[in-house]
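K.L.:
Got a structure here, written out as structure tokens. Questions coming.
The values are calculated or read from the model by the stated rules, or taken from the named source; none is laboratory data. On a predicted model such as this, the values are computed, not experimentally measured, just so you know. Positions of Cβ are generated from backbone atoms using ideal geometry, with glycine treated the same way; all protein chains shown enter the neighbour counts.
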Amino acid sequence: MKIAILGGAGAMGGIFGALLAKGGYDVTLVDVAQAAVDKINAEGIYVELKSGVAEHVRVPATTTPATLGQVDTVINFVKCYHTDAAIRSVLPVINDKTAVLSLQNGWGNAPRIAAIVGEDKVLAGVTYHSGTLVGPGHVKQTGVGMTFMGELNGVMSDRLNAIATAFQQSGIEVTASDNVLFQIWSKLALNCCTLPASALLRFYAHQMVEHDGTLNTMHEILREVIAVANAQNIPLNFDERWEAITGLLKRAVGGKASMLQDVENRRRTEIDVVNGAIVEAGQRLGIPTPYNQTMVWMTKALEETF
């Protein structure tokens with residue numbers, strides 16, 4: 001299987017790219033960061049895994065994906081606001097049989113990709129791995145978890161099974177799902193509750209469950225997410241999600257949310273496809289979402305100070 005990974009010099013793209021390359025797959029990391037691409041091509045990508053293994057993994061990288069020829073799979077890890085440009089940059093390597101898998105945060109990326117390449121080529125997913133970019137060509141895995149992926153129409157296709165097998169053979173725990181939207185919205189609920197509040201308050205994960213103010217805010221955010229999901233026949237359960245979210249935060253002592261990392265590095269956040277996705281759906285469905293709207297407003301205000 002020939003694989004191109006968009007955002008390949010970033011934390012998640014680098015981790016997954018290195019693991020797939022070690023698994024024996026033909027992987028190329030695609031990124032716009034020329035300095036990182038040059039370093040990776042010269043030295044390999046340096047990956048620190050949660051297991052304690054740290055090594056340079058030889059995997060090619062490029063800023064010009066059109067030179068790759070046709071690929072079997074494109075895996076997209078870029079930030080939501082780079083999705084259109086990233087997908088258009090790899091159009092020359094996509095043929096009728098190419099699968100384009102989005103493992104990005106939030107909701108809204110898959111429809112955006114489908115508008116460019118066609119819905120028939122798009123798979124969507126979500127991963128509970130976490131990582132951080134230490135420096136150009138240097139990534140660190142900070143958490144290990146399940147990755148879910150599936151066809152948008154729920155079909156357990158041959159291409160879905162082939163990609164899942166590649167992940168499994170590369171040491172990436174994966175579940176091929178016939179209801180991937182449920183899995184995406186399950187993580188979306190987690191992200192809506194935790195990411196903006198942690199970014200605004202500069203809180204580590206465990207601090208989010210140590211204060212009534214954050215607990216009460218997350219509680220109301222989750223109520224809105226559940227209402228919007230259920231109205232779309234996505235059967236999220238409030239009690240299950242609340243226990244899962246608060247339990248994860250209690251265990252993740254010292255964990256730093258991706259949106260907090262963005263804020264600390266003065267980067268634009270992905271608030272539009274996190275709480276913004278709830279606001280958009282609420283407007284469409286006639287469901288009030290004032291807590292999620294407030295998170296969007298406050299996060300955008302913070303971005304204006306960068």
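Conditions tested, residue by residue: (1) within 22 Å of residue 298 (Cβ to Cβ); (2) in contact with a strand residue (DSSP E or B) (Cβ under 9 Å, 6 or more places away or on another chain).
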{"residue": "171", "(1), (2)": "no, no"}
{"residue": "180", "(1), (2)": "no, yes"}
{"residue": "189", "(1), (2)": "yes, no"}
{"residue": "192", "(1), (2)": "yes, no"}
{"residue": "214", "(1), (2)": "yes, no"}
{"residue": "217", "(1), (2)": "yes, no"}
{"residue": "220", "(1), (2)": "yes, no"}
{"residue": "236", "(1), (2)": "no, no"}
{"residue": "239", "(1), (2)": "no, no"}
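K.L.:
Return the total of residues in region 60-105 being hydroxyl-bearing (Ser, Thr, Tyr), loosely packed, with under 15 Cβ neighbours inside 10 Å and at pLDDT 95 or above.
P.N.:
To start, the set of residues in region 60-105 that are hydroxyl-bearing (Ser, Thr, Tyr) comprises 62-64, 67, 73, 81, 83, 89, 98, 102.
Remaining after also requiring loosely packed, with under 15 Cβ neighbours inside 10 Å: 64, 67, 81.
Those still in the list that are at pLDDT 95 or above too: 64.
Total meeting the criteria: 1.
K.L.:
Related question: Inside region 25-34, can you point out the residues that are in a loop (DSSP other than H, G, I, E, B) and either touching a strand residue (DSSP E or B) at 6+ places or on another chain (Cβ under 8 Å) or farther than 14 Å from residue 137 by Cβ (or both)? Write out each step before concluding.
P.N.:
So the first thing to find is which residues in region 25-34 are in a loop (DSSP other than H, G, I, E, B), and the list is 25, 31-33.
25, 31, 32, listed by residue number.
K.L.:
Looking at 204, 291, which one is farther than 21 Å from residue 126 by Cβ and over 22 Å from the mean Cα position of the chain (by Cα)? It would help to see each step written out before you state the result.
P.N.:
On the way: 204 fails: over 22 Å from the mean Cα position of the chain (by Cα).
None of the other options fit; the residue is 291.
K.L.:
When region 35-63 is examined, which residues are found to be in contact (Cβ under 8 Å) with a residue 40 or more places away in the chain and in a helix (DSSP H, G or I)?
P.N.:
Selection gives 35, 36, 39, 40, 43.
K.L.:
Shifting gears a bit: Given the residues 230, 216, which is the only one that is farther than 18 Å from residue 277 by Cα and outside any loop (DSSP other than H, G, I, E, B)? Full working, then the answer.
P.N.:
Values: 230 fails: farther than 18 Å from residue 277 by Cα.
Exactly one of 230, 216 is farther than 18 Å from residue 277 by Cα and outside any loop (DSSP other than H, G, I, E, B), namely 216.
K.L.:
Same structure again: What residue, of 139, 122, 155, is among the β-branched types (Val, Ile, Thr), more than 26 Å from residue 40 (Cβ to Cβ), touching a Leu at 6+ places or on another chain (Cβ under 7 Å) and assigned by TED's automatic domain parsing to the domain that holds residue 12? Break it down into steps so the answer makes sense when it comes.
P.N.:
On the way: 139 fails: more than 26 Å from residue 40 (Cβ to Cβ); 155 fails: touching a Leu at 6+ places or on another chain (Cβ under 7 Å).
Going through 139, 122, 155 in turn, just one is among the β-branched types (Val, Ile, Thr), more than 26 Å from residue 40 (Cβ to Cβ), touching a Leu at 6+ places or on another chain (Cβ under 7 Å) and assigned by TED's automatic domain parsing to the domain that holds residue 12: 122.
K.L.:
Residue 132: under 26 Å from residue 298 (Cα atoms) and assigned to a strand (DSSP E or B), yes or no? Give the steps one after another, and end with the answer.
P.N.:
Numbers: under 26 Å from residue 298 (Cα atoms): yes; assigned to a strand (DSSP E or B): yes.
Against the criterion (under 26 Å from residue 298 (Cα atoms) and assigned to a strand (DSSP E or B)), residue 132 qualifies.
K.L.:
While we're looking at this one, here's another question. Just one of the numbered conditions (1) part of a helix (DSSP H, G or I); (2) closer than 26 Å to residue 145 by Cα; (3) among the aromatic types (Phe, Trp, Tyr) is not true of residue 203; which one?
P.N.:
With respect to (1) part of a helix (DSSP H, G or I); (2) closer than 26 Å to residue 145 by Cα; (3) among the aromatic types (Phe, Trp, Tyr), residue 203 is out only on (1).
K.L.:
Here are the criteria: (1) touching a residue at least 40 places away in the same chain (Cβ under 8 Å); (2) in a helix (DSSP H, G or I); (3) of a type in the set (Gly, Ala, Ser). Tell me which single one residue 114 does not satisfy.
P.N.:
All conditions pass for residue 114, except number (1).
K.L.:
Would you be able to say whether some residue in region 8-24 is under 16 Å from residue 101 (Cα atoms) and in a loop (DSSP other than H, G, I, E, B)?
P.N.:
The answer is yes, given that some residue of region 8-24 is under 16 Å from residue 101 (Cα atoms) and in a loop (DSSP other than H, G, I, E, B).
K.L.:
Does residue 226 count as modelled with pLDDT of 95 or more, buried (at least 18 other Cβ atoms within 10 Å of the Cβ) and closer than 13 Å to residue 186 by Cα? Talk me through it step by step, then tell me what you get.
P.N.:
Working: modelled with pLDDT of 95 or more: yes; buried (at least 18 other Cβ atoms within 10 Å of the Cβ): yes; closer than 13 Å to residue 186 by Cα: yes.
The answer is yes for residue 226.
K.L.:
Taking region 141-161 as the search range and keeping residues that are at pLDDT below 95 and assigned to a strand (DSSP E or B), which one is surrounded by the most Cβ atoms within 10 Å (Cβ to Cβ)?
P.N.:
Applying the filter and picking the extreme gives 141.
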